[in-house]
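The values are calculated or read from the model by the stated rules, or taken from the named source; none is laboratory data. Since the structure is predicted, the reported quantities are computational estimates derived from the model, not experimental observations. All Cβ positions, even for glycine, are placed from backbone atoms using ideal geometry, and neighbour counts span all protein chains on display. To get the accessible areas, we keep the full protein, side chains included, count just its heavy atoms, and leave off ligands, DNA and RNA. Shrake-Rupley method; radii C 1.70, N 1.55, O 1.52, S 1.80 Å.
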Amino acid sequence: MRTVIYYGPWQCSTPFMSRCEAKCAAQGHALMGCIWLADIKGDWEGRFLVFPAAAGGRLAITHCCCDIPKVSDGERRRTTWGRAREAFREAWGEEYGAWPAASNGKPWPGHHIFDLVHGGDPTAPNNVLPTPQDVHNVFSSEYPACYAPGGRWRAVGPDRPYAD
């Protein structure tokens with residue numbers, strides 16, 4: 001099995017934008033924007049019975065920016081993440097392999113897909129994505145723009161914004 005992660009951010013495709021619109025509406029909110037954060041591609045090669053076989057798939061990681069107000073306990077959520085970070089990385093490593101690190105050995109940041117400022121769970125396994133520091137900085141700077149009215153994250157992007 002070989003896994004490759006393509007990092008955005010990219011504008012969401014039409015199907016992702018539609019899903020976000022439905023998700024926000026189901027919660028009683030309006031869609032402000034959608035960010036396609038990453039695409040995880042998994043390829044498998046092996047044998048099935050006596051024949052060579054290959055398969056693969058992709059998982060898009062997107063974030064829907066609904067008009068949800070900021071939470072009042074943001075600092076508490078950050079503190080919770082700070083205390084749980086090491087144990088979270090260890091648990092993640094048991095499931096998926098070692099948490100990625102930079103060439104200097106410093107672990108990559110964990111990016112909260114559903115951001116803490118708008119109520120994201122600090123320690124939910126499906127809410128934290130290991131992200132290189134430079135990409136994490138870009139994600140963090142783009143989130144406020146996604147929640148802003150009329151921003152570029154409301155525009156629809158291509159079906160696949162990268163070439164592999």
Just a yes or no: is a residue in the range 69-84 β-branched (Val, Ile, Thr) and closer than 28 Å to THR3 by Cα?
-> no
PHE16 being farther than 20 Å from VAL135 by Cα, open to solvent by 50 Å² or more (accessible area, probe 1.4 Å) and of a type outside the set (Gly, Ala, Ser) = no
In the list ALA98, ALA54, which residue meets the criterion of being of a type in the set (A, V, I, L, M), more than 30 Å from MET17 (Cα to Cα) and outside any loop (DSSP other than H, G, I, E, B)?
-> ALA54
Across the range 1-39, the tally of residues that are assigned to a loop (DSSP other than H, G, I, E, B), of a type outside the set (A, V, I, L, M, F, W, C) and over 17 Å from the mean Cα position of the chain (by Cα) stands at 3
ILE40 vs. criteria on the phi < 0 side of the Ramachandran plot and modelled with pLDDT under 95 | yes
Of PRO149, PRO69, the only residue that is assigned to a loop (DSSP other than H, G, I, E, B) and either touching a Leu at 6+ places or on another chain (Cβ under 7 Å) or touching a residue at least 60 places away in the same chain (Cβ under 8 Å) (or both) is PRO149
Selected residue (criterion: most open to solvent (accessible area, probe 1.4 Å)) from residues of the range 143-164 that are touching a helix residue (DSSP H, G or I) at 6+ places or on another chain (Cβ under 7 Å), of a type outside the set (Phe, Trp, Tyr) and modelled with pLDDT of 95 or more | VAL156
Restricting attention to the range 25-42, does a residue exist that is open to solvent by 20 Å² or more (accessible area, probe 1.4 Å), without any contact (Cβ under 8 Å) to a residue 24 or more places away in the chain and closer than 19 Å to VAL156 by Cβ?
-> yes
Sort out which residues of the range 90-140 are touching a strand residue (DSSP E or B) at 6+ places or on another chain (Cβ under 6 Å), more than 30 Å from ILE68 (Cα to Cα) and in contact (Cβ under 8 Å) with a residue 24 or more places away in the chain, and write them in order of number.
-> TRP99, PRO100
Just one of VAL138, VAL117 is closer than 20 Å to ILE5 by Cα, in a helix (DSSP H, G or I) and open to solvent by 40 Å² or more (accessible area, probe 1.4 Å); which is it?
-> VAL138
Identify the residue in the range 58-93 that is open to solvent by 40 Å² or more (accessible area, probe 1.4 Å) and closer than 30 Å to ALA163 by Cβ and, among all such residues, is modelled with the highest pLDDT.
-> THR62
